[in-house]
1. Please arrange A:181, A:254 by how many other C-beta atoms lie within 10 Å of their C-beta, fewest to most.
2. About the Cα centre of segment A:54-283, how large is the charge dipole given +1 on each Lys and Arg Cβ and -1 on each Asp and Glu Cβ? Please answer in debye to the nearest 20.
3. Distances over 20 Å make up what percent of all Cα-Cα pairs in segment B:20-133?
4. Sort B:172-180, B:217-225, A:264-272, A:207-215 by packing, meaning the average of other beta carbons within 10 Å per residue, with the highest value first.
5. Within 10 Å of each Cβ of A:83-92, how many other protein chain Cβ atoms are there on average?
6. Mind putting a number on the dipole of segment B:86-241 about its Cα centre? Charges go on the C-beta only, +1 for Lys and Arg and -1 for Asp and Glu, and I need it in Debye to the nearest 20.
7. Which ordering of B:20, B:101, A:37, A:92 is given by a fewest-first count of other beta-carbon atoms within 10 Å?
8. Which residue, A:26, A:61, A:17, tops the fluctuation ranking in a GNM of chain A built on C-alpha contacts under 10 Å?
Amino acid sequence: MSPLKRDRYLHLVLKFFACISIVSLFFVIFFLVTESWRIIESTPASKYILDDAWHPTEGEFFLLPMIIGSLLVMIGAMLLSIPVGIFTAILWQFYAPSWFSSILERIVEVLSGIPSVVYGFWGIMIIVPLLGKFQAPGTSLLAGIIVLTLIVLPTITLVANSIFQQVNKLHIQNAIALGLSRFTIICHIIFPQAKRGLLTGVILQAGRAIGETLAVLMVCGNVVQIPGSVFEPVRTLTSNIALEMAYAMDIHRSALFLSGLVLMIVVFMLILMTERMKNRENAL
Amino acid sequence: MIRLPTNHSFPDRLLKFFSWFCGLLLLFFFIYLFSDIAQQGFSQVTFKFLVTEPLSAGRAGGIAPMLVSTLLLLTLCLLVSLPIGIASAIYLAEYTDETQWFSRIIQTNLNVLASVPSIVMGLFGYAFFVVALGLGFSILAGALTLACMVLPLLIRNIEDSLRNIPDEYRINATALGLSRFRTIFQILLPMATRGILLAVILSIGRAMAETAALLYTSGYVSRMPESVLDSGRSLSVHIFDLSMNVPGGEQNAYASAFTLIVLLLMINIITLGLSRKIQKGAFSER
């Protein structure tokens, strides 16, 4: 084969491989939609919100408690992990002595690689009994929020830190030369520049948080209900899938695929938000 | 890191207090988690634990089949995803630039694929690999599902390491009359070896931590797998099963968690070494 011809074939082969990732995402969506089509077809959308209960075998598909459960756990975890993550990143970049920063760096990196199932296991062994002392049974919305916070916190800290690092060094040097105080520099020079990046990172982590399954399943109690307080058990969309997939048949299984599709749509919208933000940033 | 001038105004002290508080809180949880798991797990992990089969649903005995299943899952996953990953990364880095529409579509596609929740990936794997392709609950089905999950990570990292190679190499290769084929396979890929290795190790870490996607694809049979078409339980699924479904399985769950963390720590250390070397300027003198 002549080199020229070989190059042309190479191009085609590489392009083919690059398309595989597109095809695989297409397959993911295709299978979610076809498998959940049965229930979309046979059940009006209002049933998911207005039904009495979640008894999928008897044709009652009250998905709302699970959706609310997912949202509550996710929002709770984000509310806790965003400030702690950002403050830790501020400590890491601006306040801590450098030896402490390097320890922190290693630790946060290690923490971000720990499997969520280990956090979930630790949650069962330590956090659930601890909460159970205050208010039985311990497996609750709050336990889920705490465990999920621990799962997303390392990554949020890493993201916030790398965004603080990207802030224009010249601006900071000018600010120092102008004699501005440390607090003013952090709050009025660095933070405004980092704001958009932080928001993007946080949104992506929110997507990860709402998709987290087993750790949440392990500590949340999994009772299908709209919780009255943080000490009551909840079931999330993700744990619902993991719990019932083992024995779900027919339309019940279709309902589980539908909850998967709902999750996928939520995550997709979050990503769309970050993409649009990136585009606007480029346009500026 | 830029050192800011110290001052001691009230808001500054407040910010300092809060950031130390949060940082120490994070450290506290870290030490708590690790000391707990190390303390309960370390004494359990013996050589015998690693090489024997589990007894009475995992309450006693070891984790040998899980280690084998995990290893099989990782190997198959990489066998499938690495060629696709390298080829796509070459295409993205060498044949497109970020502004082209096709490249943009692939990038967005990778972003979405990277953030498909793992349980949704599990649903897909179940519907496609297990049912539609008829693989059944098998290590192969699990590995293929994992391959879909790590693909974005692989492509992104390999693409970065290819893009980091200075353009002079490409220009010089062209000036010397080398074909595109030879430029890629004899110059650019060897230079990107370290980056590819880093991507592989990151993917192994990601795949080893995965649980939800494996529940309904590779299943949770705890016997020693005899072929890749057998169902096999990964280490992370084992931890999940012991702590949720087996009363009295806590001690072995601790030991398994400890083993998994040690394995991941080793991966982390290798990654750190590699990325340091890359930062030191892999492309200076050679």
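1. Working: A:181 18, A:254 22.
By the 10 Å Cβ count, ascending, the order reads A:181, A:254.
2. Numbers: 12 positive and 10 negative charges, 171 e Å.
Magnitude of the dipole: close to 820 debye.
3. On the way: 4527 of 6441 pairs.
Result: 70 percent of Cα pairs exceed 20 Å.
4. Working: B:172-180: 13.6, B:217-225: 20.9, A:264-272: 16.9, A:207-215: 25.4.
Top of the packing list down: A:207-215, B:217-225, A:264-272, B:172-180.
5. Details: counts 2, 8, 2, 3, 10, 10, 3, 7, 10, 3.
For this peptide, the per-residue mean of nearby foreign Cβ atoms is 6.
6. Values: 10 positive and 11 negative charges, 22 e Å.
Result for segment B:86-241 is approximately 100 debye, rounded to the nearest 20.
7. On the way: B:20 17, B:101 8, A:37 14, A:92 24.
Ascending number of Cβ neighbours within 10 Å: B:101, A:37, B:20, A:92.
8. Of A:26, A:61, A:17, the Gaussian network model singles out A:17 as fluctuating most.
Laboratory data are not the source of any read-out in this text; all were calculated from the coordinates shown. Please read these numbers as outputs of a predicted model, since none were measured by experiment. Reconstructed Cβ throughout: ideal geometry from the backbone, glycine too, with neighbour counts over all protein chains shown.
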